[in-house]
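Structure record follows, encoded as structure tokens.
Throughout, read-outs are computed from the coordinates displayed, never taken from laboratory work. Keep in mind that this is a model prediction, so the values were computed, not measured. A quick note on method: Cβ atoms are made from the backbone with ideal geometry, for glycine too, and the neighbour counts reach across all protein chains shown.
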Amino acid sequence: MSKREKLITLGGGLCIGAAALAFALPIGATVAAAAVTGLVAFGVKLRDESARLAIQNTTVALLRDLGPEYPEHVIEAATHLLEGLEPDRDIALDRLAGTWERGDFAEHCASVLIDGLRIGESEPALRNLLHQVFVASFKACQTTPLFREGLTAALVEKTAGNVNLVLPKLEQVLADTAEIKAMVQQLLNQGGVAGVVAEADHLPLAALQELATRFGQEGEMERAALLDFLSKKAEEYRALKTAVEHIDERVAGLGNLKAAARDAMALVDLEEVETLLARVDEVETEVAAESKELRAQNALLRGRVDEAFTIYVAAADSFGSVDPREVARRRDAYREHLYQHCLRYGGTGFQRAIDLVRPMVTDALRAADPALWGSIQSNLGNALQEQGKRTGGVGGTALLAQAVDSYRAAQEVRTRAAHPVDWAITQNNLANALQNQGIRTVGAGGAALLAQAVDSYRAALEVRTRAEHPVDWAGTQNNLAIALEIQGRRTGGAGGTALLAQAVDSYRAALEVRTRAEHPVDWAGTQNNLAGALHEQGKRTAGAGGTALLAQAVDSFRAAQEVYTRAEHPVHWALTQENLAIAELALARHGATADPRPHLQAALGHVTAALEVYDPEHMPYDHGTATALRDEIAAALSAL
């Protein structure tokens, strides 16, 4: 163990001793990530080795940047100071009471621990180093789940004899947790998962968190996020429950098939024997595959994507003896489950979808079933594109390039002449991938990719006409407008202005179909996009024309907020508030604006509202940009 690792172990041990014992944190709430190494140091063993390793890894990640500026002798002094201490000695536990509720848990607890160690003011480096270790550990207390009863029981067994004030609190924790579990189980017995979700507004947060753990959700979530998560899981649970209740009964017919095969064998009718046994093989394979599919869906219900992937592979590949093409068909069908799960919950679903179907795009399959091969190529492109969008740097760019290749390959068999609708779908998706590539690529290369995207969208619109495919037409018009807007932003002079004008026209065209009444969310999204393009146009346009365009941008942002309300779409609402602030600031600074003050005041109000949603802990980037914008606007007002 290195000197730094030893220091983290000792510091984490003191944190868990002080925090878990003094506060008796609720089971299922939080515990220091560094607790694991600390508990092991004190001889407390966790029952779940995998959980211990997971938290140990979290500890290493959390403290990997531990004080690189501190010299070795300071680390040695800190380690020496902590060696031999136990959580109930030299630490005033009573001083920690209430910090969890007040919200200054990490900083206050770290200060109390350091005061308890009686480090002199003449040793600032030592104090700062220990403070960094303790704050990191206590912050982990607020983000990492407790290991349920196993950890609590271990803590009670190990330390209750040494800390007199702990045992009654821990006993109460166990009683409260048992009550929550009993409540949730009773609700499940009465109305199932959907019944619990229906009563969610009247249930304590702890009950919702307890139900979420049954679906593999670890860690705390805000009530709104929990409700959304449980609503989705209730829908998936209901579908799986129905499937389990109607497990195929074809097994009963296998006896008849096998009996017929025996009769054919007795007659030495070997051709009939093969026919019957092939049917037995097919039915048994289908029944076994259905069971595997249900197992995989159950794994996804609990958030275990890698486990579901392994089961899906086994289910699909089991058809190799029946029909090699069925292996490909099954893998492609199962890909969709992994893909949709990742769209809903994130995680490794896109990569696993790629892993599932990539082995199927072979020359042999193309020769045997070109339509299936083309469909798999297109679907592979979708997974590659989504994974690429979520992957930074060179890796993401490479994935997007692979997506482009897959779409182009699909169009070799999904031709416009033979399969116009499928061709247009693939053409639109190809354009999306090209656009995402273009966004990530600077200079002439990026401009060329964006131009290709525009051409592909326009080609798709030749099939996706408003008359025959109005919804798809509107979606592609919106996508085309985005590509044109990005081109316009990157292009100076009259050429850029013309591209922005084309983008505005395409957004307005999309809104003719994407109405608020029939497609409210899409309408709001396109209104937001339109406002952004108008804003950029306005900044580039002198005189009254420029202020008029900026005023239209403000109107479009406000229209979007008729759907993007704070109650139902808080993040989108906050983003739109920030955009409104930017647009009002642009109006204030425009040369044709006579009095900037009203626009600056409006901008300040909008960005202040956005900061009410932007949590500095969970949305640090947005909080930082909005804070800088607020300061900029305030400075402009002060300068008037």
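Going through segment 446-551, which GluC sites (Glu not before Pro) have at most 12 other Cβ atoms within 10 Å and a DSSP loop state?
Glu462, Glu468, Glu512, Glu518
Report, by chain and number, residues whose modeled amide H sits under 5 Å from the one on Ala592, excluding near sequence neighbours (fewer than 5 apart, same chain).
Gly543
So how strong a dipole does segment 261-320 carry about its Cα centre when Lys and Arg Cβ are +1 and Asp and Glu Cβ are -1, to the nearest 20 debye? Mind dumping the intermediate values first?
Working: 6 positive and 14 negative charges, 110 e Å.
The calculated dipole for segment 261-320 is roughly 520 debye.
Using the Karplus equation 6.51 cos²θ - 1.76 cosθ + 1.60 (θ = phi - 60°), what ³J(HN,Hα) coupling, rounded to whole Hz, does each residue of segment 526-543 give in order, writing x for Gly and Pro?
After applying 6.51 cos²θ - 1.76 cosθ + 1.60, I find 5, 4, 4, 4, 4, 4, x, 5, 4, 4, 5, 4, x, 4, 8, 10, 7, x Hz.
Give the residue from Leu372, Thr426, Ala447 lying farthest towards the positive end of the charge dipole for segment 334-477; charges sit on Cβ (+1 for Lys and Arg, -1 for Asp and Glu) and the dipole is referred to the Cα centre.
Of the candidates, Ala447 comes out farthest on the positive side.
How large is the charge dipole for segment 189-341, taken about the Cα centre, if only the Cβ atoms of Lys, Arg (+1) and Asp, Glu (-1) carry charge, to the nearest 20 debye?
So the dipole magnitude of segment 189-341 works out to roughly 360 debye.
What would the Debye equation give as log₁₀ I(q)/I(0) for segment 429-521 at q = 0.12, 0.16, 0.18, 0.19 Å⁻¹, counting only Cα atoms as equal point scatterers?
-0.37, -0.63, -0.77, -0.85
Return the loop-located GluC sites (Glu not before Pro) in segment 569-640 (DSSP other than H, G, I, E, B) with at most 14 other Cβ atoms within 10 Å of their own Cβ; answer none if there are none.
Working: sites: Glu578, Glu584, Glu612, Glu617, Glu632; in loops: Glu612, Glu617.
Taking segment 569-640 and a limit of 14 other Cβ atoms within 10 Å, the loop GluC sites (Glu not before Pro) found are Glu612, Glu617.
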